[in-house]
Structure formats: structure tokens, C-alpha cells
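K.L.:
Below is a structure I'd like to ask you about.
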């Protein structure tokens, strides 16, 4: 967890732009790109991340390099897939896979993965081929599974479908037409049932379950907001728009008992007429009322590049990005 000045918690309306002093890159294997989401197992090993050629990698600090941990497609071959970018190639993505969200269930040490082309999968503790556990809901195949979080008590998996009309390769078009067919879903590993919790989401992106398991936060990328869904109590299964952000929110990660980190990408005018520059940042928000507690500008590390996730770790965090050739870490 990031070290925060104590009085920050007593003045939740204040926003601090706190830069990190160190930035480190963890290079992916040759030609690989797109470490989108980050996870650590129950023993703290990792980071694990899914990349655009269909592999899930695990970082080995002794060797100072990544190695293959798992893959999401039974048809995948290293000769065809290794080093490819399947973000924009659905034909090859259907063969190789494209893992996006990764999250462990610590009790079983199983890694759950959302793959843009394959659905929701689970990787056994020793890795290798992931098993499909959900490929659709309500009789309709998934179009664009996106991100997820695991309830560590029940083992239930909450995950998003960015759109039920457009694929990963069409994500910019989905945003441009303001598609609102995204869904929030829950997979029950005990029954194998997948249920739809919310419909009509505008670019359903990141998701995080609160530590007390009473609510979920869901990012709507197209609508520039974070929504809160109560899971228990008098407001159970009702929603509220928690915060509207300046930019497009991506993944959400828990930080402490009641606050979360959200990866946000903003566009500002560039140096030439009509040009735009991406400005990536991480904001820490209160899950209680949505106040912005901290803002960290990451543009000096990711110049004109969108980030997908800020995963808090120790006194800093790891950074994922759809197009990057390395995983970033700040502290």
C-alpha cells in the first residue's frame, strides 16, 4: 500500500498530485506487447500478466525475466502466435487468444482469466492450458469479455463484458458510437452458473469488490464514470454513479479498506491543429463517497500512451498498458 500522509484521510476532498521517484521497466519476451492486467498469487509470487499473443506470463525475480505460465487457447502454437499482436486481429485472436483480466482465488491458488475471444477461464495452480468455465450468458455467446475480480470468501468471479455488440478490435468504434450494451456478470464456481447483474453499461471496464464484500465498483469507460453496485444491505442490487472522471477510466484495483486505484486516460490538444495527446494517470478514490484522494500523473513514464491498470504494491504500484512492450513499476 502506498504510504499516505495521515491527515489525507481526515480531509477527503483534497487532491494530491504525488509523483513517484523511481520507475522500472520489466521487459516482455521478444516482440510481445500488451501486459494489460496484473496479479500476484497467494504466496506473493508474480507479477502475472496476460499479453496480446495469448500467453499468461509470470515474472521470475531470480532470472529477472518473464516465463510462460499459461495459455488460453487449446489451438495455440508458439510458431504461429508468439510475439503477435491480437488486439486488432480477431481471426488470429480466435486461434491464439488474448487474455485481458487476471485475478487469483487465493484459497485454491487458481488464476481466473478473461480472454477477449475465449470468455472466462481458470488456470490450475501449476499453469498450462486454461479451462473455459463461461463462454456466454442467457444463451448468448460473449462478444468482448474484459476485466474481473474474485470474491476471496465465496470464490465467485465478477467480470465485465465491455460490449455485447463489438469485439476488442472494434473498441474505438464502440466508444465513438457510445455503445451501451456492456454487462456485469457473476460466475459461481460451485454451480457453474453465470448470471447477469447489470445491463446497459457504457463500455463496461474495470471492476473491484470492496474488502467488506458489500459493494462493487464498475468503470464505464465510454461514460467517463465509476458506478457503485450494492451487494448487500438495504440498498442491495441498486446502483449509484459514484464519480465522473475527466478522461476514460479503465481497470480498478483495491488499495485499502475503503479506497481504490483507477487507471484513467485523458486526451489534451497536441502541438499541431487537430492533434491530441494521451495523458495517463492513476487516481485514488474513496469507495464510500467517490472523492478523489490522490492523483498521479504517469505521462512522464508513458508518453502519449494509454495505460490499462495501476496495481498498488508496496510503496508504489505496477502499471499495465495495452500496447506497451514492458510492465512498469513505480515507487
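The values are calculated or read from the model by the stated rules, or taken from the named source; none is laboratory data. All of these numbers come straight from a predicted model, not from anything done at the bench. No Cβ is skipped: glycine too gets one built from the backbone with ideal geometry, and neighbour counts run over all protein chains shown.
K.L.:
In the stretch 72-91, is there at least one residue being in contact with a strand residue (DSSP E or B) (Cβ under 9 Å, 6 or more places away or on another chain), in a strand (DSSP E or B) and within 24 Å of residue 196 (Cβ to Cβ)?
P.N.:
Taking every residue of the stretch 72-91 in turn, none turns out to be in contact with a strand residue (DSSP E or B) (Cβ under 9 Å, 6 or more places away or on another chain), in a strand (DSSP E or B) and within 24 Å of residue 196 (Cβ to Cβ).
K.L.:
Has the stretch 95-111 got at least one residue that is in a helix (DSSP H, G or I) and either in contact with a strand residue (DSSP E or B) (Cβ under 6 Å, 6 or more places away or on another chain) or at pLDDT 95 or above (or both)?
P.N.:
yes
K.L.:
Which strands (runs of 3 or more DSSP E) does the stretch 188-227 wholly contain that include 3 or more residues that are within 15 Å of the chain's Cα centre (by Cα) and under 18 Å from residue 289 (Cβ atoms)?
P.N.:
It comes to 215-220.
K.L.:
Related question: Only one of these is within 26 Å of residue 174 (Cα to Cα) and either surrounded by fewer than 21 Cβ atoms within 10 Å (Cβ to Cβ) or modelled with pLDDT of 95 or more (or both): 272, 266, 214. Name it.
P.N.:
Result of the check over 272, 266, 214: 266.
K.L.:
Another question about this same structure. Tell me which residues, restricted to the stretch 280-300, are surrounded by fewer than 18 Cβ atoms within 10 Å (Cβ to Cβ) and in a loop (DSSP other than H, G, I, E, B).
P.N.:
288, 289, 291, 299, 300
K.L.:
Oh, and also: With the structure loaded, tell me whether residue 200 is more than 25 Å from residue 91 (Cα to Cα) and either surrounded by fewer than 17 Cβ atoms within 10 Å (Cβ to Cβ) or touching a residue at least 60 places away in the same chain (Cβ under 8 Å) (or both) or whether it fails that test.
P.N.:
yes
K.L.:
A follow-up question, please. Can you say whether residue 65 is loosely packed, with under 15 Cβ neighbours inside 10 Å, free of Cβ contacts under 8 Å to residues at least 60 places away in the same chain, closer than 18 Å to residue 325 by Cα and more than 20 Å from the chain's Cα centre (by Cα), as far as the supplied structure shows?
P.N.:
For residue 65, the condition - loosely packed, with under 15 Cβ neighbours inside 10 Å, free of Cβ contacts under 8 Å to residues at least 60 places away in the same chain, closer than 18 Å to residue 325 by Cα and more than 20 Å from the chain's Cα centre (by Cα) - is met.
K.L.:
Would you call residue 133 closer than 17 Å to residue 94 by Cα, in contact with a strand residue (DSSP E or B) (Cβ under 9 Å, 6 or more places away or on another chain) and in a strand (DSSP E or B)?
P.N.:
Answer is yes for this residue.
K.L.:
Based on what the data block shows, is residue 122 out of contact with any helix residue (DSSP H, G or I) (no Cβ under 8 Å at 6 or more places or on another chain), more than 18 Å from residue 227 (Cβ to Cβ) and assigned to a strand (DSSP E or B)?
P.N.:
Here the answer is yes, as residue 122 does meet what is asked.
K.L.:
Scan the stretch 164-186 residue by residue and report those that are touching a residue at least 24 places away in the same chain (Cβ under 8 Å) and surrounded by fewer than 14 Cβ atoms within 10 Å (Cβ to Cβ).
P.N.:
178
K.L.:
Return the residues of the stretch 265-279 that are in a strand (DSSP E or B) and free of Cβ contacts under 8 Å to residues at least 40 places away in the same chain; say none if nothing qualifies.
P.N.:
If the condition is that a residue be in a strand (DSSP E or B) and free of Cβ contacts under 8 Å to residues at least 40 places away in the same chain, then 266, 267, 268, 269, 276, 277, 278, 279 are the ones that fit.
K.L.:
Just to verify a result, which residue in the stretch 187-197, among those that are surrounded by fewer than 20 Cβ atoms within 10 Å (Cβ to Cβ) and in contact (Cβ under 8 Å) with a residue 24 or more places away in the chain, is farthest from residue 222 (Cα to Cα)?
P.N.:
190
K.L.:
Which of the residues belonging to the stretch 306-326 are outside any strand (DSSP E or B) and surrounded by 17 or more Cβ atoms within 10 Å (Cβ to Cβ)?
P.N.:
306, 307, 308, 321, 322, 324
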